[in-house]
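Engineer: After the structure tokens below, expect a handful of questions from me.
Each reported figure results from applying straightforward, stated rules to the coordinates on display, with no laboratory input. Here the structure is a predicted model, which is why all the values come from computation and not from measurement. With ideal geometry, Cβ positions are generated from the backbone for all residues, glycine too; neighbour counts draw on all protein chains shown.
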Amino acid sequence: MLLSRTLLRRHSVLPGFDLALGFALLYLSLIVLIPLSAAFLKTFTMTWPAFWEAVSSPRVVASYRLTFGASFAAALLNAFFGLVVAWVLVRYEFPFKRLIDALVDLPFALPTAVAGIALTAIYAQNGWIGQWLPFKVSFTPLGVFVALVFIGVPFVVRTVQPVLEDVSRELEEAAATLGASRLQTFTQVILPIVLPALLTGFALAFARALGEYGSVIFIAGNMPMVSEITPLLIITKLEQYDVPGATAIAVVMLVISFALLLLINTLQTWARKRQGGI
């Protein structure tokens, strides 16, 4: 045992593991742990009745409902269509394929404020698309959903695409030889392989949507109790110099987000074990 550990350290690709680990933990502490701890410490200065009043008022609860509900629904839609887009880009050849592949990354590069203005103009009642729709999109909760779908697509596509590229077509041919239909081949052969990556893309899109601000505030309309997202409510509290109230709402968002992401990661682990068992 001691010999194997000595050999492992001697032949390590990155020398100075202890030093590198120390720097990594220091960096994460400065960037992640200390700021998050500051939010908790600021919240602890509040009494329990004040904290509960700050995080459970009807306006705040309405913002929770919209933020988490729209984020979850947008991530689900992105998981489905992101898988379809990744499948098309990997399995088919067609004109302007590279252009479409590059357009997938556009939400990454586009400033969120620009995206919000563009979506608002397009889906407004006199916009290119909005004028043909029988319902209103801009300045409604549906507009929030549209913005979150827009910014979340690349996470699923870029997570699933490399996995699909590694899937051998011989597996599909073998399944077809054994009499499996196309649906059976996809659900029983392809999907179990892609599922962990798909869950990862869903988690990334969901987490990105929870914290989105720039592209949403323009198209949402920001009407209290209707189309006001939680990040905007936190900004509003800070503008009113209510720092404890803002941090209290932020802590609730953080705890719920962490619990949901932990659940998704647990599902990821289960999917990987199931795939390994198969």
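Engineer: Among Gln184, Gly221, Trp132, which residue has its Cα furthest toward the positive end of the charge dipole of region 48-277, with +1 on Lys/Arg Cβ and -1 on Asp/Glu Cβ?
Structural biologist: Farthest towards the positive end: Gln184.
Engineer: Pull out a ≥ b ≥ c, the square roots of the eigenvalues of the alpha-carbon gyration tensor of region 34-102, then state rounded if a/c is under 1.5, prolate if not and a/b is larger than b/c, and oblate in the remaining case.
Structural biologist: prolate
Engineer: Within the chain, which is the longest segment that contains none of the chymotrypsin sites (Phe, Trp or Tyr not before Pro) sitting in a DSSP loop with at most 13 other Cβ atoms within 10 Å? Provide the component values of the computation, followed by the final result.
Structural biologist: Numbers: sites that count: Phe44, Tyr92, Phe96, Trp128, Phe135, Tyr241.
Here the longest run is 136-240.
Engineer: Hey, another quick one. Please state the charge dipole magnitude for the chain, taken about the Cα centre, from unit charges on C-beta atoms (+1 on K and R, -1 on D and E), reported in debye and rounded to the nearest 20.
Structural biologist: 440
Engineer: Related question: Please list, in order along region 218-229, the HN-Hα scalar couplings obtained from phi with the Karplus expression 6.51 cos²θ - 1.76 cosθ + 1.60 (θ = phi - 60°), rounded to whole Hz, x for Gly and Pro.
Structural biologist: Values per residue, Gly and Pro as x: 7, 8, 6, x, 6, 8, x, 6, 10, 9, 9, 8 Hz.
Engineer: Where in the chain are the helices, taken as whole DSSP H runs, whose Cα atoms extend 24 angstrom or more along the long axis and whose Kyte-Doolittle mean reaches at least -0.5?
Structural biologist: Length and hydropathy pass: 58-91, 141-166, 191-210, 243-277.
Engineer: Any chance you could check the Cα centroid distance between region 148-201 and region 80-134 for me, in angstrom?
Structural biologist: For region 148-201 versus region 80-134, the Cα centre distance is 22 Å.
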